[in-house]
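Each reported figure results from applying straightforward, stated rules to the coordinates on display, with no laboratory input. Computed from a predicted model, the values in this text were never measured in an experiment. Note that we place each Cβ from the backbone using ideal geometry, even for glycine, and neighbour counts take in every protein chain shown.
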């Protein structure tokens, strides 16, 4: 294990000649590929920033309401992210390898069916999550949380349920468009929803005086606006595949869910994330925050350590992956799925 790690880091120390980096490709080909990649990646990065900006706006309004509302709203946001939104996002990521390969193999029926199956799965998983959110008050009280804070958190959790179902619609829709190379519509929809998010917060939190529940409803409104924007694009667009075309497959097998998008190897990415966050990040965070009394900074250092280790292991995996074999495997998977569909 030590020699492998040493070989991995020594690769970055050796200066590579230009021919070794470019291979058989010319500088013009590399430049064109970089521009094409930027056209896809830039809207995705902008979308991520817009999604995070709505949380900043929510926290700004929560901070104006006092300690109890801030604590209750923050507790509800954290609980919703961990037990709800992260689950939906993780499950929706399983679409990536299947949809990417189906679109590349020009098999739109597989793309549509994967979207429909994932959508049904997410809608079904929202039911037990909603029941958990409705009954979270006794759990927090047993964990020693303040009764007033828990009361605010419970009211916010009830208001988060509409957003939960909106996210169940939104997450697979984003992946459905992204695997077709259509990233700009998602950015535009998030931008429009983000622009109206601020006045909606003011309307609900300040003008109507719904306080923390107004923040929760504004977040739900934001997700609904984004989803409606993407659905409107699908209706009017002539170049995208429509997710409602083809045969209905809601009652057939569910798709395999993955983390390492595009390679159809969900176990590999899951193992890397599990090891990085729970066997590296969590112990470091606990030691720094509690044993060595770094406090909140210790928690952040633990999170940073988990992210660095995750990126390093994924980079090592990608560097040692046989991409010709992966391309061959992707074609076989797409053919097998197409034959099963027929």
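The table that follows gives values for the structure above.
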item: Spacing of the two label points (7 Å from each Cα toward its C-beta) at residue 198 and residue 44, in nm; result: 2.9
item: Label-point separation in nm, residue 209 to residue 81, each point 7 Å along Cα→Cβ; result: 3.1
item: Quotient of C-alpha Rg and 2.2 N^0.38 Å, computed over segment 119-222; result: 1.27
item: Isotropically averaged projected area of segment 29-258, using the convex hull of Cα atoms (one quarter of hull area), nm²; result: 14.2
item: Contour excess over end-to-end distance, with Cα ends at residue 131 and residue 318 and 0.36 nm allotted per residue; result: 63.3 nm
